[in-house]
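Worksheet: one structure, shown below.
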């Protein structure tokens, strides 16, 4: 059950980030190192997702965006993709009471029309059921690609504004139009790249790369990264 508690102690350092984005990497490697099928890693990663949402609620984070399935992930074996596509439904059915109690709002970023019908229906149900929640907003980047998002936004920009628009106008065509840009990006798994994730939105985001694989990542790891973030000098082009 997700219960809201006090936030981190007040500090003279930077305030808590309002929006955290996470590339949930390392599920397959976690399973392979244990001699398990890759599907076991994805299920273990689902538990990490639950823990991080719970901790984000506790800390008072306003927005959490999770890179769930990219447009490139369709290249994986069909059986693995089919299993991953079943996880949103499993998570929603199991966690719905706790999410609703914690006032969590769910959103989906990406082309949901490209999802299997059952997956699309369950994410549409989850979004509709939580649309009036006013607590943490959890956005699942599902069938999402940063380049595809920018192309889509450019098409909408020309339809709406022609050549007269500006950056603010362009951003209204992004999947994240209702969200602030992330102040903090976390990538577990040891890789040092952003993998076509939120290419527009990460312009001034602080990046944190963690060696721990996603299934081993928990609320304490989230707190440690936030504490390090708060100690950074975040200027976003200013002094």
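To the nearest 0.05, how large is the calculated FRET efficiency for residue 47 and residue 168 if R₀ is 35 Å and r is the Cβ-Cβ distance?
Efficiency at R0 = 35 Å is approximately 0.35.
For region 119-236, what is the largest minus smallest coordinate of the Cα atoms on each principal axis, given in angstrom and ordered from greatest to least?
That works out to 46, 38, 27 Å along the principal axes.
I want to check the label-to-label distance for residue 155 and residue 207. Put each point 7 Å from Cα in the C-beta direction and report it in nm to one decimal.
Between residue 155 and residue 207, the label points sit 2.9 nm apart.
Modelled label-to-label distance, residue 216 and residue 73, 7 Å Cα→beta-carbon offset: nm?
Modelled inter-label distance: 2.1 nm.
Calculate the length of the line joining the C-alpha centroid of region 68-124 to that of region 172-239, in whole Å.
Here the answer is 22 Å between Cα centres.
Give me the mean projected area, in nm² to one decimal, of the convex hull enclosing the Cα positions of the chain.
Directional mean of the projected Cα hull area for the chain stands at 13.9 nm².
With springs only between Cα atoms under 10 Å, which of 134, 18, 56 fluctuates most in a Gaussian network model of the chain?
Of 134, 18, 56, the most mobile in the Gaussian network model is 134.
As an exercise, use a Förster radius of 35 Å and the Cβ-Cβ distance of residue 36 and residue 199 to find the FRET efficiency, rounded to the nearest 0.05. Present the calculation step by step, with values, prior to reporting the outcome.
Working: r = 33 Å, r/R0 = 0.95.
It comes out at approximately 0.60.
Find how much the distance from residue 191 to residue 14 grows on full extension, using 0.36 nm per residue of separation minus their present alpha carbon separation; answer in nm with one decimal.
Between residue 191 and residue 14, full extension yields an extra 61.1 nm.
Quick note: the coordinates plus some simple rules give every number you see, no bench work behind them. This one's a predicted model, so the numbers in the text were calculated from it and none came from an experiment. Reconstructed Cβ throughout: ideal geometry from the backbone, glycine too, with neighbour counts over all protein chains shown.
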